[in-house]
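Student: Mind having a look at this structure? Questions to follow.
The values are calculated or read from the model by the stated rules, or taken from the named source; none is laboratory data. Since we're looking at a predicted model, the values are computed, not measured. In this analysis, Cβ positions are derived from the backbone assuming ideal geometry, glycine residues included, and neighbour counts consider all displayed protein chains. Keep in mind that these areas ignore ligands, DNA and RNA; they rest on the heavy atoms of the full protein, side chains included. Shrake-Rupley method; radii C 1.70, N 1.55, O 1.52, S 1.80 Å.
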Amino acid sequence: MNMDAAIGMLIAYAEKHLFLDARDAVYARNRVLELLGRERYDAEPFGELPELPSPILEAIFSCLAEEGKDYDAATLGERLMDAVMLRPSEYEREFAANYGESPRAATDRAYEYAVCSDYVKKSAIDKNIKWSAENGLEITINLSKPEKDNKDLQKQLHVQSTSYPLCAICRENEGYERPGFSRRNMRTLSLRLGGEDWFWQYSPYAYFNEHGIAVSARHTPMKLDEGTAGRLFDFVDLFPHYFIGNNAPLPRVGGSILAHDHYQGGRAVLPMQRAGVCVPLYSEAFPSVRAGVIDWHNTALRFEGEDRRAIEGLAFAVASAWKTYQNPALDILPFTGEEPHNTASFIARRTQGGYILDIILRNNRTSGQYPDGIFHAHRERHHIKSESIGLIEAMGLFILPARLKRQLGEVKQYLTGERAYAVAALSEDMRIFAPMIGRLLSAHGRLSAAEADAVLKSEVEETCRAILGDTAVFKRTEEGRTALLSFLAGAGLKATGGK
């Protein structure tokens, strides 16, 4: 396909998928010509339109390469899509019109637009390796994003940016571009949560269906306060088919951006949300709330009822009690000096008759034995996952680093005998796998390719399950259960039975 045919296809694609008005087609095409440094256009046949824009963009990039022109594919791709898209105000008006039909219709079409405009990188997402684990977890080897380091996240709390925009999720990023960073084709939707201005945007590298973030219009740090549950419930009132939750607002147990208050959610039911209650609880102060300990790998509670204000009140009472709770025997200390450690994630959903709020209790303290975090993935599991275990993974959807595709492939070769195994011969980034390789070889001997795949899959699944156990502030032991029930009793929740 030559360049003129590719340009013609892009304009036709935008008319079909991106609401480009036929009256604006010439104008949009001229913007594309400008971006590509071309001064003329001759219409050429281009064949059937694709469902996603990536084949068109790849055709344009291929023509540029043949012409010997230098370009940055990611930035140019966003510029081209921005040239043929609705402007932010038009996108919001379209959303409002669809919301009048139904909230689900509005988000369906808004998300489809984000995919069709190549802001949500569906072509890249589809290359991720995904499976549902035997132990109920969901696993993704993410081939599209780099691994982040906990120490970098810690620094965010102490560095106030003076740049424009102030951070990567500020609304000022809409349409913004600088060297190495572009959000030219990002579009956002205005929200009111807790009487404050917020906005919604979809995640470019979605972890699940219609994954997005609700972001405060003000650049203020992540927080868990008396209004958190109410803001989450306001969101699910607007979008009752979505869930929404806050990352814990501390490093090691929180998300990748701590400097700007935001929540994550979307149209999915994650593994923890499918888990039942193992210990029913009762609150005399909030008798209308059905409460319980979730039968889950880490420490999580569930509050359910028709009265959202009652749930909000109980949640804040528990979070307040947890903020100062200490149990040195279980390594739970709320402060080191003035540095706080006890925090939580709230996750909201709507039901047919009311609301559900799940709460995951977290602690981010470190020690000499566990310098990366007492309730973080322990070092013997870092070969699989060393990043923070944030909201989504704490709920059972693991996002594992892309390096694992190559590294597990090499481990497979040792298990099948395709490569001779010697610890001394391992490359630097494979040495962390030496204990696992030795253990698997000792347990299984030489395996067929299919057997090796099954063993490695099980190894990843069980490591992820163990990581969630590491993050549990009250372990699933008799000692942990007793301490948890004691803490809950102090917070006004009494056990009423269960296992």
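Student: Would you kindly give the portion of the calculated P(r) for segment 296-343 that falls above 15 Å, as a percent of all Cα pairs?
Tutor: Percent of Cα pairs beyond 15 Å in segment 296-343: 57.
Student: Note the angle between two axes, namely the Cα long axis of helix 478-490 and the longest principal axis of the Cα atoms of the chain, as a number of degrees from 0 to 90, rounded to the nearest 10.
Tutor: 90
Student: Can you tell me, using C-alpha contacts under 8 Å and at least 6 residues apart, the relative contact order of the chain as a whole percent?
Tutor: 14
Student: Across 5 Å bins from 0, what is the distribution of all Cα-Cα pair distances for segment 458-499, in whole percents?
Tutor: Values per bin, smallest distances first: 6, 20, 20, 21, 14, 10, 7, 3, 0.
Student: Filter the GluC sites (Glu not before Pro) in segment 1-63 down to the DSSP loop ones having no more than 10 other Cβ atoms within 10 Å, then list what survives.
Tutor: Hits after loop and neighbour filter: Glu39, Glu48.
Student: To the nearest 10 degrees, how steep is helix 228-238 against the longest Cα principal axis of the chain, on a 0 to 90 scale?
Tutor: For helix 228-238, the angle is close to 50 degrees.
Student: Mind listing the Cα extents of segment 31-86 along all three principal axes, in Å, largest one first?
Tutor: So the three principal-axis extents are 28, 24, 19 Å.
Student: How large is the direction-averaged shadow of the alpha-carbon convex hull of segment 183-289, in nm²?
Tutor: Mean projected area of the Cα convex hull: 8.6 nm².
Student: Report, largest value first, the span of the C-alpha coordinates of segment 401-497 along each principal axis, in whole Å.
Tutor: Computed over segment 401-497, the largest-to-smallest principal extents equal 59, 26, 23 Å.
Student: Among Met81, Leu440, Leu258, whose Cα lies farthest out toward the positive end of the dipole of the chain, if unit charges sit on the beta carbon of Lys, Arg (+1) and Asp, Glu (-1)?
Tutor: Of the candidates, Leu440 comes out farthest on the positive side.
Student: Sticking with this structure for a sec: When ligands, DNA and RNA are left out and all protein chains stay put, how many square angstrom of accessible area per residue does the chain have with a 1.4 Å probe?
Tutor: Ligands and nucleic acids excluded, the result is 44 Å² per residue.
Student: Find the Cα radius of gyration of segment 1-143, compare it with 2.2 N^0.38 Å by division, and give the number to two decimals.
Tutor: Cα-based Rg divided by the globular estimate yields 1.21.
Student: With a 1.4 Å probe and all protein chains in place, put Arg308, Arg178, Arg362 in order of accessible area, largest first.
Tutor: Arg178, Arg308, Arg362
Student: Please sort by residue number the GluC sites (Glu not before Pro) in segment 334-413 whose DSSP state is loop and whose Cβ has at most 14 other Cβ atoms within 10 Å.
Tutor: Filter output for segment 334-413: Glu338.
Student: What's the long-distance tail for segment 304-397, i.e. % of Cα pairs beyond 14 Å?
Tutor: 71
Student: What share of the DSSP beta bridges in the chain is antiparallel, in percent to the nearest 5?
Tutor: So the antiparallel bridges amount to about 90 percent of the total.
Student: Report D for the chain in µm² per second (integer): Stokes-Einstein, Kirkwood Rh on Cα pairs, 37 °C, 0.692 mPa s.
Tutor: Result for D is 132 µm²/s.
Student: Same structure again: Within segment 128-142, what residues put their amide N at less than 18 Å from the label point 7 Å along the Cα-to-Cβ vector of Tyr205?
Tutor: Under cut-off, by backbone N: 128-131, 139-142.
Student: Give the carbon-plus-sulfur fraction of the accessible surface of the chain in %, rounded to a whole number; probe 1.4 Å, heavy atoms of protein chains only.
Tutor: Here it works out to 50 percent.
Student: P(r) for segment 360-446: what percent of alpha-carbon pairs falls in each 10 Å bin, starting at zero?
Tutor: Histogram of Cα-Cα distances, whole percents per bin: 15, 39, 29, 15, 1.
Student: How big is Rg to Rh over segment 256-304, alpha-carbon atoms, Rh as the Kirkwood inverse-mean-distance radius?
Tutor: 1.08
Student: Pro287: net charge of surrounding residues, Cβ under 12 Å, Lys/Arg +1, Asp/Glu -1, itself excluded?
Tutor: 0
Student: To the nearest 0.05, how large is the calculated FRET efficiency for Tyr282 and Phe335 if R₀ is 35 Å and r is the Cβ-Cβ distance?
Tutor: Computed FRET efficiency for Tyr282 and Phe335: 0.70.
Student: Please identify every one of the chymotrypsin sites (Phe, Trp or Tyr not before Pro) in segment 281-383 that sits in a loop by DSSP and has no more than 10 other beta carbons within 10 Å of its own beta carbon.
Tutor: Hits after loop and neighbour filter: nothing returned.
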